[in-house]
Amino acid sequence: MLKPKVEKILVEQIQKEGYSSFLYLSMASWAESKGMAGVAQWLYAQAEEEKMHMLKFVEYINERNGRAIIPAIEKSPENWKDIFVLFDEVLAHEQYISASINDILALAVKENDYATQNWIQWFVTEQVEEESSVQTVIDKLNLIGKNNLYIFDRDIMNLRAAE
Ligand code: FEO
């Protein structure tokens, strides 16, 4: 049985993962409309990952006899100045998500919820991978530079979004 405080923070994370999915979907659609098929592919894959993360929270909360309330998702931005700005935003967003995963772990420790401490570890590891995978994209983007975005768009097709 989940303690109410733990249940509450887990339910809040459903919203954050759902928002992440829609944010990346919005970014993917923007990139596709700008002719950047590779960037769009990477972001669509990322949006799917986030949906999977959201479902993991839903399933875990219900498995522990909580109640996974499905939230409204606020509207994502729809335009970005360029893909440099866009990927900086992806990284900042993942850092924000990492902080909220850490908050869940800290609360589970405080509440002596050993099962949630154990379960959330998957996300702790996942966030390390997600931040690293976005940083790899940003590093490539900076190396290739603004005049070679076509090459970057081909190149990112070979990079997989974090799982
Ligand atoms: Fe589900 Fe990218 O954090």
request  = Run down 107, 159 and say which single residue is within 14 Å of residue 12 (Cβ to Cβ), among the aliphatic types (A, V, I, L, M) and in contact (Cβ under 8 Å) with a residue 40 or more places away in the chain.
outcome  = 107
query = Is it the case that region 145-155 has a residue that's part of a loop (DSSP other than H, G, I, E, B), closer than 21 Å to residue 13 by Cα and open to solvent by less than 40 Å² (accessible area, probe 1.4 Å)?
reply = no
request  = Working only within region 95-136, note down all residues that are farther than 18 Å from residue 55 by Cα, buried (at least 16 other Cβ atoms within 10 Å of the Cβ) and within 11 Å of the ligand (Cβ to nearest atom).
outcome  = 131, 133, 134
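With the structure loaded, tell me whether residue 76 is over 14 Å from residue 10 (Cβ atoms), open to solvent by less than 30 Å² (accessible area, probe 1.4 Å), within 16 Å of the ligand (Cβ to nearest atom) and in a loop (DSSP other than H, G, I, E, B) or whether it fails that test.
On the way: over 14 Å from residue 10 (Cβ atoms): yes; open to solvent by less than 30 Å² (accessible area, probe 1.4 Å): yes; within 16 Å of the ligand (Cβ to nearest atom): yes; in a loop (DSSP other than H, G, I, E, B): yes.
So residue 76 passes the test.
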inquiry  = For the structure I just gave you, tell me whether residue 20 is in a loop (DSSP other than H, G, I, E, B), open to solvent by less than 30 Å² (accessible area, probe 1.4 Å) and hydroxyl-bearing (Ser, Thr, Tyr).
reply    = no
task = Could you run through region 28-61 and say how many residues are open to solvent by less than 20 Å² (accessible area, probe 1.4 Å) and not in a helix (DSSP H, G or I)?
result = 0
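The values are calculated or read from the model by the stated rules, or taken from the named source; none is laboratory data. None of these values were measured; they are calculated from a predicted model. Glycine also receives a Cβ, built like all others from the backbone with ideal geometry; neighbour counts cover every protein chain displayed. What goes into the accessible areas is simple: the full protein's heavy atoms, side chains included, and nothing from ligands, DNA or RNA. Shrake-Rupley method; radii C 1.70, N 1.55, O 1.52, S 1.80 Å.
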